[in-house]
Amino acid sequence: MPKDPTNHKGGQRNLHIKVKTAKGRKASSTRWLQRQLNDPYVQRAHQEGFRSRAAYKIEEIDDKYKLITPTSTIIDLGAAPGGWLQIAKKRAPKGTIIGLDLLEIEPIDGVTTLQCDFTSDEGYAMLKDAIGDKKADLVISDMAPSSCGHAATDHLRIMAMCEMAFDFAKETLKPGGHFVAKVLQGGAEAQLLGQMKQQFSTVKHMKPHSSRKESSETYVVAMSLK
Ligand SMILES: C[S@@+](CC[C@H](N)C(=O)[O-])C[C@H]1O[C@@H](n2cnc3c(N)ncnc32)[C@H](O)[C@@H]1O
């Protein structure tokens, strides 16, 4: 039996679906559709009721580093459509979970969601307001600015976002808390990485199996805020 490439424990693999070109549809859209339909993580997310294939990325990161406990307070930055929030809620059923995004997030039972721009003063204030006096156990950020197509500019923009999320994590986390953020291949920039290593006991990079090989994204996992 062919192995299921998403669970590494064996199982049936689905058949390859070929998408025909259609009048009015761009070749790039046909390629995207074909990739989506044949992506085993998209299929698995659909079957298991997750809103995005991204859910498996935080699941893999947490399986490896054990960041979430049943009572964790978790802040998810760039949370739409909500796959990471679903995993957070599943693994921290008695915890407090807050997710924020520029886009609207369909409600999830027991999860607070905010629609705002994390980089704006208003968005930041809304988030701080929702957290109140609480301190977080875990700040996770899958935020990515929309690509402008110029690799160097995209890199600067995603790193600026990671730096803002890091600043937020430093002031929001409890001592011993953890921070996970999307960065680009090559990892966090040396200077930012140096700052993280000063603030956290352990800093690792991880590219989950569920992150597409052709994507330059990877994740920085900073554990145990000093
Ligand atoms: C890859 S998606 C997140 C997927 C999510 N982790 C999940 O599991 O469903 C990245 C998200 O970052 C959000 N984003 C980008 N810039 C943002 C900003 N300035 N403030 C809030 N969210 C932002 C985008 O709207 C997008 O929904």
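The values are calculated or read from the model by the stated rules, or taken from the named source; none is laboratory data. In this text, all values refer to a predicted model and were calculated from it rather than measured experimentally. Every residue, glycine among them, receives a Cβ derived from its backbone with ideal geometry; neighbour counts consider all protein chains shown. Just the protein is used for accessible areas: all its heavy atoms, side chains included, with ligands, DNA and RNA removed. Shrake-Rupley method; radii C 1.70, N 1.55, O 1.52, S 1.80 Å.
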- State whether one or more residues within the stretch 136-143 are under 21 Å from Leu225 (Cα atoms), in the same structural domain as Gly176 (by TED's automatic domain parsing), touching a residue at least 40 places away in the same chain (Cβ under 8 Å) and surrounded by fewer than 18 Cβ atoms within 10 Å (Cβ to Cβ). no
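A quick yes/no check of all residues on (1) within 23 Å of Phe200 (Cα to Cα); (2) hydrophobic (A, V, I, L, M, F, W, C):
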{"site": "Asn38", "(1), (2)": "no, no"}
{"site": "Gly78", "(1), (2)": "yes, no"}
{"site": "Ile87", "(1), (2)": "no, yes"}
{"site": "Leu100", "(1), (2)": "no, yes"}
{"site": "Asp129", "(1), (2)": "no, no"}
{"site": "Gly132", "(1), (2)": "no, no"}
- Of the conditions (1) at pLDDT 95 or above; (2) assigned by TED's automatic domain parsing to the domain that holds Gln185, the single one that Phe50 does not satisfy is (2)
- Note on the structure: Of the residues in the stretch 138-193 that are β-branched (Val, Ile, Thr) and closer than 21 Å to Lys213 by Cα, the one that is farthest from the chain's Cα centre (by Cα) is Ile158
- Based on what the data block shows, is Leu193 free of Cβ contacts under 8 Å to residues at least 60 places away in the same chain, in a helix (DSSP H, G or I), in contact with a Gly (Cβ under 7 Å, 6 or more places away or on another chain) and open to solvent by 30 Å² or more (accessible area, probe 1.4 Å)? yes
- In this structure, does Ser211 turn out to be open to solvent by less than 80 Å² (accessible area, probe 1.4 Å), within 18 Å of the chain's Cα centre (by Cα) and either of a type in the set (Gly, Ala, Ser) or not assigned by TED's automatic domain parsing to the domain that holds Thr6 (or both)? yes
- Residue count, the stretch 150-159 (criterion: open to solvent by 70 Å² or more (accessible area, probe 1.4 Å) and away from the ligand (no atom under 11 Å from the Cβ)): 3
- Task: Note down all Cβ pairs under 8 Å where the first residue falls in the stretch 32-57 and is open to solvent by 20 Å² or more (accessible area, probe 1.4 Å), the second is of a type in the set (Ser, Thr, Tyr) and more than 12 Å from the ligand (Cβ to nearest atom), and they're at least six residues apart or on different chains.
- Result: Pro40/Thr6; Arg44/Thr6
- Query: Can you pull out the residues in the stretch 75-126 that are aromatic (Phe, Trp, Tyr) and more than 7 Å from the ligand (Cβ to nearest atom)?
  - Reply: Tyr124
- Could you count how many residues in the stretch 214-225 are open to solvent by less than 40 Å² (accessible area, probe 1.4 Å) and among the hydroxyl-bearing types (Ser, Thr, Tyr)? 3
- So is Lys204 touching a residue at least 40 places away in the same chain (Cβ under 8 Å) and open to solvent by 30 Å² or more (accessible area, probe 1.4 Å) or not? yes
- Odd one out for Asp63, checked against (1) assigned by TED's automatic domain parsing to the domain that holds Lys174; (2) within 11 Å of the ligand (Cβ to nearest atom): (2)
